[in-house]
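One structure below.
Every number here is computed from the coordinates shown, using simple stated rules; none is lab data. Owing to the predicted nature of the structure, the values given are computational and were not obtained by experimental measurement. Cβ: placed from backbone, ideal geometry, glycine included. Neighbour counts: every protein chain shown.
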Amino acid sequence: MVAPILGCGKVIRATRGEKKILDSDVFLYKEDDFKNFTDFEESFSNEKTQTAGFKLVRDSKFVQIFTSISCNLDQLCLTQNQIIEFVRDNRKWMSKNCNMAFFLFRDAQNYFVAMVLIDANTAASVFVDPLGSKKVWEAKEDYIVIVRDDE
């Protein structure tokens, strides 16, 4: 489903866990569905966090994409605050290296995928779907996956 992107591991600076995507100034456009899907995310601070990047190499649904990296989805999740900081610090790199980036996050009961699109002017837009979405993402579209990498 995915292949590692060499040299893609980025470090997310320490966060206090208080920022939510809907309230962030990093994204020019934020899909309204964030209100429905993300009301209950637990907020907590995080030390610096290493990430790993993967390129989609086979047409896949989100569940297939993330479980091909690890069956322990909690190990892959970032907080909304970490997603904000990753995009803030890496938007130029993202605009050159992918059409859209997928980030796994969760609330108390469910997993979601934030889909971040960076345009040629490095303006960021974010969309959200539940992990169980039936949409099949095509590998030919240069999608990447960014996950927490605790190893």
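Can you spot a residue in region 125-140 that is within 23 Å of Lys48 (Cβ to Cβ), β-branched (Val, Ile, Thr) and assigned to a strand (DSSP E or B)?
Yes, region 125-140 has at least one match.
Count of region 130-151 residues, restricted to those that are surrounded by 20 or more Cβ atoms within 10 Å (Cβ to Cβ) and either among the aromatic types (Phe, Trp, Tyr) or without any contact (Cβ under 8 Å) to a residue 24 or more places away in the chain (or both), is 2. Taken together, Phe102, Phe27, Phe62 contain a single residue that is buried (at least 17 other Cβ atoms within 10 Å of the Cβ) and in contact with a Gly (Cβ under 9 Å, 6 or more places away or on another chain), which is Phe62.
Exactly one residue among Leu22, Leu56 is in contact with a Phe, Trp or Tyr (Cβ under 6 Å, 6 or more places away or on another chain), more than 16 Å from Asp107 (Cβ to Cβ) and surrounded by 13 or more Cβ atoms within 10 Å (Cβ to Cβ), and that residue is Leu56.
Looking across region 55-103, just one residue is part of a strand (DSSP E or B) and among the hydroxyl-bearing types (Ser, Thr, Tyr), and that is Ser60.
On inspection, Lys92 passes the criterion of being among the charged types (D, E, K, R), more than 16 Å from Lys61 (Cβ to Cβ), touching a residue at least 24 places away in the same chain (Cβ under 8 Å) and exposed (fewer than 14 other Cβ atoms within 10 Å of the Cβ). Go through region 83-137 residue by residue and tally those that are among the basic types (Lys, Arg) and in contact with a Ser or Thr (Cβ under 7 Å, 6 or more places away or on another chain). Residues in region 83-137 being among the basic types (Lys, Arg) and in contact with a Ser or Thr (Cβ under 7 Å, 6 or more places away or on another chain): 2 in total.
Take the residues of region 117-129 that are of a type in the set (A, V, I, L, M) and without any contact (Cβ under 8 Å) to a residue 60 or more places away in the chain: which is surrounded by the most Cβ atoms within 10 Å (Cβ to Cβ)?
Going through region 117-129, the residues of a type in the set (A, V, I, L, M) turn out to be 117-118, 120, 123-124, 126, 128.
Okay, now just the ones that are also without any contact (Cβ under 8 Å) to a residue 60 or more places away in the chain, so 117-118, 120.
Numbers: Leu117: 18, Ile118: 23, Ala120: 7.
Result: Ile118.
With the structure loaded, tell me whether Thr67 is among the hydroxyl-bearing types (Ser, Thr, Tyr), surrounded by 14 or more Cβ atoms within 10 Å (Cβ to Cβ) and farther than 23 Å from Ala123 by Cβ or whether it fails that test. Spelling it out, Thr67 is indeed among the hydroxyl-bearing types (Ser, Thr, Tyr), surrounded by 14 or more Cβ atoms within 10 Å (Cβ to Cβ) and farther than 23 Å from Ala123 by Cβ.
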